[in-house]
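I have placed the structure first, in the form of structure tokens, so that the comments after it can refer back to it.
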Amino acid sequence: MGSTRSLAVVHPLSCVWGCCGCLRGVVRVPVWSGAGRGPRLIEDLLMKPGARFIIGVVAWGAGRLVGAGVLVAVGCFPSLLAWCRARRWVRAVECGGWSVMVGARGVRLVAVNIDGVLLNDTFSPVIHRFVVGRGGVWSAAMERELLSQPQLRAAGVVAGWCGGSPKEVVAAYFEERARFLAECPVRVADGAEALLGRLRGLGVPVVCYGGLGREHFDRYLSHVARWFDGPEYVCTDAFRPGVREIAGMFGVRCDEALFIDDVARVAEAARAVGAGFIGVPSAYAHSFQRQLMREAGVRHAVSHLDEITEELLRRVEGEMTGGRLWPEPAGAAGMAGVLTAARA
């Protein structure tokens, strides 16, 4: 306990949490290194590599200590650490290769889309080929109408100009998809597993979601299922984009949930209810998602999962807590999408 390499992790007890609202705002949460050097801000200690796991029940507000408890070293006890994480007591961890995060100040749930984020984007190319091959004109408006929509609703849009019933369009689409996947198989995206490790460092539940059934998750991500909480995977086809519904499943407010997705429609829905959002727009040549995300007011969009760093996650959480994540005013096209999402 006397080493300056010790890392304190805040465990805000319910009584302390109620007395010290500043804990939700990041700033005055000092801890002791045990070396007689006085209080240090958590953000400073979190940057020290190779720190040991410590759980500290410490809270500091209005210039005085308002809560304290026993410090317990748990670095050598993985099962204890897992137990503490499951109860959302651990707010930050660092040891060797582990990531460092302070969690649950504002974010209480992270939801990560499967296709286009954790798996490579196999939807944009197929949908583009499907539409153009049937005489359709590909545009940002067309893409917005089709992506992250319930299957039958999107199929109804296509059926309106190429004929057939929505069910027939869905069947034809999946035949087209099967041919595409024979050439370009589904694979886990580069950096996906490392990202999940960083998200787990938040100390809050993490869930995966997408428009295909559970079997899709089990086939491609069963080897990382341990990183997810609750049902592990939520199929959103019946209620896409699903921002409200996923937050509700975990009993958190929408403004306490962070979504990581590749489609601007989800960003619009997130903005409409105050949820957090990090975009991973497709690199597909005919994709309009980066443009649509800009129009929707997305502040943080990345080109690679490695760009979703601990620093970015902390920044997004701080912006969510301070009400700064979504800029005002939005562009005309973006605001139209936001209003549509709010009515959905």
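Taking (1) under 14 Å from the mean Cα position of the chain (by Cα); (2) at pLDDT below 95; (3) at positive phi in turn, G164 satisfies each apart from (1). Has the stretch 196-215 got at least one residue that is without any contact (Cβ under 8 Å) to a residue 12 or more places away in the chain and not β-branched (V, I, T)? Checked the stretch 196-215: at least one residue is without any contact (Cβ under 8 Å) to a residue 12 or more places away in the chain and not β-branched (V, I, T).
Does R299 qualify as being charged (D, E, K, R), touching a helix residue (DSSP H, G or I) at 6+ places or on another chain (Cβ under 9 Å) and in a loop (DSSP other than H, G, I, E, B)? Criteria met by R299.
Among the residues in the stretch 120-141, are any at pLDDT 95 or above, outside any helix (DSSP H, G or I) and of a type in the set (D, E)? Yes, some residue in the stretch 120-141 is at pLDDT 95 or above, outside any helix (DSSP H, G or I) and of a type in the set (D, E). Flag: S124 does not match the condition of being closer than 30 Å to G197 by Cβ and in contact with a Pro (Cβ under 7 Å, 6 or more places away or on another chain).
The values are calculated or read from the model by the stated rules, or taken from the named source; none is laboratory data. Please read all numbers here as calculations on a predicted model, not as lab measurements. So basically every Cβ, Gly included, is an ideal-geometry build from the backbone, and we count neighbours across all protein chains shown.
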